[in-house]
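Encoded as C-alpha cells, the structure appears first; notes follow it.
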Amino acid sequence: MMERIQLIRSEQTRELFHALTTACTSICCPPKRVPCRTNVVNHAVVKADVRGSTRITQDLLARGLNPATLFSQHFYEPVKRVLDRYGAAKVFIEGDAMVLAIFETESNRQHQRAVSKGVRALPRQILAIAAAYNERPDLTELPRLELGVGIAFQPSAPAYWVDGDSRIMISRRA
C-alpha cells in the first residue's frame, strides 16, 4: 500500500488531481488548502456547429466582411450568455463548432439533471438563438445560420488531459 502513495509536489499536479474528480480529500502542502469539491457523477455534451460555414465564410470574405464577427456576434456570444442558466460550461470552440458540457455532481444531482437539460433545454435554446438571428438577415443581407446539434450523455465523470494551461476533456466511450 505504501508504494501506491504519491506525494503531490507541483501545483499543476494538484490541479490535475482535482480536475479528475477522483477523490474529495487530499493532503495539500501548507499553506494552500483546496476546498473539497463534490465528484462529477455523469455529464452531457452538446455540440453545435454551423452548417455550410465554408460557403458562408467564402461569401462574406468576397463581400469584404469578416466571417469571425458574424459567428461571434450571432452564435458564440449569445450561446455563452445562456450557459449559466443551464449549468453548462464551454469545453472548446473549434472553427464553426462549439462544444459544451453540463456536469451532474453529487451535490447538484437533485436539481441539476444533466440529462434533461442536456437533451432538451440547452439545445432548444441554441436553436432559438439561431432562429432569432435568422429573422433579421433579409434586412441586412447577411447569410442565414443553420445549425447542426449533437447530444451525448455519459453516466460517468469525464477524464482530463492537461496541456500547459489547457484542460482537455475526454469522455469515455459508451
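The values are calculated or read from the model by the stated rules, or taken from the named source; none is laboratory data. Because the structure is predicted, anything quoted here is derived from the model rather than measured. Positions of Cβ are backbone-derived with ideal geometry, glycine not excepted, and every protein chain shown enters the neighbour counts.
Numbers at a glance
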item: Residue 93 over 22 Å from residue 40 (Cα atoms), among the hydrophobic types (A, V, I, L, M, F, W, C) and free of Cβ contacts under 8 Å to residues at least 40 places away in the same chain; result: yes
item: One residue from 138, 165, 96 being at pLDDT below 75 and closer than 30 Å to residue 65 by Cβ; result: 138
item: Filter pass, residue 14 being assigned to a helix (DSSP H, G or I) and modelled with pLDDT under 90; result: yes
item: Helices (runs of 4 or more DSSP H) within the stretch 59-162 that include 1 or more residues within 18 Å of the chain's Cα centre (by Cα), surrounded by 16 or more Cβ atoms within 10 Å (Cβ to Cβ) and of a type outside the set (Ser, Thr, Tyr); result: 67-71, 77-82, 109-112, 122-134
